[in-house]
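The values are calculated or read from the model by the stated rules, or taken from the named source; none is laboratory data. None of the values given here were measured: they were computed from a predicted structure. Please note: Cβ atoms are built from the backbone with ideal geometry, for glycine as well, and neighbour counts cover all protein chains shown. For the accessible areas, the whole protein counts, side chains as well, though only heavy atoms, and no ligand, DNA or RNA atoms are used. Shrake-Rupley method; radii C 1.70, N 1.55, O 1.52, S 1.80 Å.
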Amino acid sequence: MEEVLNGLPKLGSAATAIGLFLAVLLILFFIGARFRGRLQGPVAILVFLGPALILVTMGLIVPAFRTIYGSTLDANQEEFVGLDNYAWIFDTQQGVLVNTILWIVIAPIASTALGLTLALLLDRMRRESVAKSLIFMPMAISFVGASIIWGLMYEYRDPAKEQVGLLSQVVMWLGVDDPPNWILWQPFNNYLLMVIMVWIQVGFAMVVLSAAIKNIPADVVEAAELDGAVGWKLFSRVTIPMIRATLIVVLTTIMIAVLKIFDIVRTMTNGNFGTQVVANEMYAQSFVQFNQGHGNALAVVLFIGVVPLIIYNVVQLRKERAIR
Amino acid sequence: MSVEAPEFVILPEPEEGKGSVTEAARRKLSSPWAVLVVVIITVLWTIPTVGLLITSFRPAADAQNTGWWTFFRNPAVTFSNYAEVITGGSNAAIGITPYFFNSFAIAIPAAIFPLVLASMAAYAIAWVPFKGSTLIFFGIFALQVVPLQMALLPLLQMFNLGWSIGDIPIFPDLNKPGSNQSLLAGTYIPLWIAHTMFALPLAIFLLHNFMAQLPRDLMEAARVDGAGHFLIFRKIVLPLSVPAIASFAIFQFLWVWNDLLVAITFAGGTPNVAPVTSYLANLKGTYGAQLHLTTAGAFIAIIVPLIVFFSLQRFFVRGLLAGSVKG
């Protein structure tokens, strides 16, 4: 009870902050609305767009350039070292890069493929919403929570004793006498961590793809069926081409999420046992090793990985806008 | 505080009959094999969470020495795991309660601030005609490329040391005189600002897509009647955008609630400001072997998103779709 009472002022300060924020905006609106005539447009742009532009400039644009610049400086950000930090990444952190590439390739493809399968199966089913909700549920769970959930699944015990982790127990029921200590089991532990990501992302892929499948015009499907397209043929010649754009969006969205994956690796292994990825190594270098040069360079590597994905999405978006 | 099972309200998906295979054909095509596959996957997807829930209610010795599935043979239930995690006790020194309040105090403003600012920006881009609005729109969209990681160190420096271009202060140096501590240390302010900054690109993008589709006649009629942008925004655009705003609000609330990276960078791990994810990561790091505690802590941390998710699923799904499917 005492703790609850101690917590109330915290909510109070949050409420105060919201109140202040809204009050400032109301005053700005009040002043802005007094401008009439030719000034009206410019003032509206300033008030409406100004705060957001200032925040993204200070929070994203400027830091991005500072990080790029900082990646050419040494650990304490004092001396210029050229590309040494990048040389360090490519010389000594190859394992980390390989892991990250494995993550980017495997986790999104697995999530999308499974999500697509489910969307297709569910499209023809009644009472689909229960299954959908349950498969979608992990989306609401934090990566940290998911790591604890799966840590329990992967828990290792001496094979002679009673098992606590379900994975070990299932494997033993299937006749394997000595299941490995999953989290230490290199290099397969990487894939076990990816399972967590897939567990979370399949619901997203399923829901988005399912909506896309439902949007395929009925006459297209009927015409194809009249022409004798059923089963696999209908799927590969009609369904897939019709939802191609959505498939790519889902795939790239998950790829971007995977590239930045940090929480799962940090909570499960903290990057030990050959499971390190760029995003967690970046955190470790910047905030544990205090080598900001390395940290900045790793952040830039992440950035370079994301850029082609986003450019692709922007191009797609422009095309769609042109069609409209 | 009592901990209760989540309310599993499952909202039916809005039936979008148009375009989908007709109901009769649907039944015909729904083969028993398909049903079986779906049931198996659904069960597989649910088991890990069920395991967590069951373990969190088992006595410490049971949880650590036997599998949770043996619970059905030997059903012993205790609430002491929750009691210990909530208030702190002999095994976990600090309870989760202060962190739980922190999570609310961080997530609610961090959902409202970007939402309001993004609605305003989206309106300006969509309905205030000016040169370069398309450029700004694509620029903001493209800003999603900047990974959080790129902004962390510079932002942290800005909060701690201020930031100026030459002699012009852009962000004040808030260090207390004579100490190394920023005035912002130990407050939620850096977290609110950081989350707002990082949320804006996606929020503006989604809300713009929605607002741009509002009927043009409506705006023009209001303009003819002499309404200015501020009036139109408040009286017409905001009320009509409630569905999109609600979707994004839920999305952003869950995102902030579940975030770990921003939290540990800007809040440290202290009970003053750090959220539940930070507590949980610590708990797993320090007391990872105490399965009865980590599971109870995890369940407390995920119950809020689960309630939000199951009660507002429809909005959440709509938000996701707006982000990734055109139209």
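If the viscosity is 0.692 mPa s and the temperature 37 °C, what translational diffusion coefficient in µm²/s does Stokes-Einstein give for the range B:117-161 when Rh comes from Kirkwood over Cα pairs? The estimated diffusion coefficient comes to 263 µm²/s.
Would you give the gap between the C-alpha center of the range A:194-215 and the C-alpha center of the range B:32-62, rounded to a whole Å? One Cα centre to the other: 19 Å. In this Cβ point-charge picture (+1 for Lys and Arg, -1 for Asp and Glu), the protein assembly as shown has a dipole of about 1960 debye about its Cα centre. For A:ARG244 and A:LEU26, what does the FRET efficiency come to when R0 = 45 Å and r is the distance between their Cβ atoms, rounded to the nearest 0.05? Computed FRET efficiency for A:ARG244 and A:LEU26: 0.45. Expressed as a whole percent, the accessible surface of the range A:2-70 that belongs to carbon and sulfur atoms is 78, based on a 1.4 Å probe.
Total lysine pairs in the protein assembly as shown at Cα distances under 17 Å, for residues eight or more apart or on different chains: 5. Taken along its three principal axes, the alpha carbon spread of chain A comes to 78, 63, 56 Å, from the longest extent down to the shortest. Going from the isolated chain to the complete set of protein chains, the range A:24-51 loses at least 30 Å² of heavy-atom accessible area (1.4 Å probe) at A:LEU25, A:PHE29, A:ARG36, A:GLN40, A:ALA44, A:ILE45, A:PHE48, A:LEU49. Mind checking the full-extension length gain between B:ALA289 and B:THR87? Use 0.36 nm per residue of separation minus the Cα-Cα distance, one decimal, nm. That works out to 70.8 nm of additional length. Residues of the range A:1-22 that bury at least 50 Å² of accessible area when the other protein chains are present, relative to the chain alone (probe 1.4 Å, heavy atoms, ligands and nucleic acids excluded): A:GLU3, A:LYS10, A:LEU11, A:ILE18, A:PHE21. Here the dipole of chain A is about 1640 debye; that uses its Cα centre as origin and unit charges on the Cβ of Lys and Arg (positive) and Asp and Glu (negative). Between A:ALA223 and A:SER13, the modelled labels are 6.3 nm apart [label points 7 Å from Cα along Cα→Cβ].
With a cut-off of 13 Å on the backbone N, no residue of the range A:271-313 is near the modelled label site 7 Å out from A:ASP91 along Cα-Cβ. Run the Debye formula on the Cα coordinates of the range A:2-70, all scatterers equal and no solvent, and tell me log10 I(q)/I(0) at q = 0.20, 0.24, 0.27 1/Å. Result of the Debye calculation: -0.87, -0.99, -1.08. The fraction of accessible area contributed by carbon and sulfur in the range A:85-139 is 69 percent, rounded to a whole number (1.4 Å probe; ligands and nucleic acids excluded). Computed from label points 7 Å out along Cα-Cβ, the spacing between A:ASP178 and A:ARG38 is 8.7 nm. Over all pairs of different C-alpha atoms in the protein assembly as shown, the reciprocal of the mean inverse distance, the Kirkwood hydrodynamic radius, equals 26.5 Å.
Scoring B:130-138, A:96-104 by mean Cβ neighbours within 10 Å over their residues and listing the highest first yields A:96-104, B:130-138. Protein heavy-atom surface of the range B:174-314, 1.4 angstrom probe: 62% of the accessible area is carbon and sulfur, with nucleic acids and ligands not counted.
Solvent-accessible surface of the protein assembly as shown, taken per residue with a 1.4 Å probe and all protein chains present: 44 Å². Two tests apply to each whole DSSP H helix in chain A, Cα reach of 30 Å or more along its axis and mean Kyte-Doolittle hydropathy of at least 0.5, and the ones passing both are A:2-34, A:94-123, A:188-214, A:292-323. Rounded to the nearest 0.05, what FRET efficiency do B:THR78 and B:VAL37 give with R0 = 35 Å and r taken as the Cβ-Cβ distance? Could you check? Using R0 = 35 Å, I get an efficiency of 0.40.
Take the accessible area of chain B alone and of chain A alone, subtract that of the pair, and you get about 11200 Å² summed over both chains, using a 1.4 Å probe.
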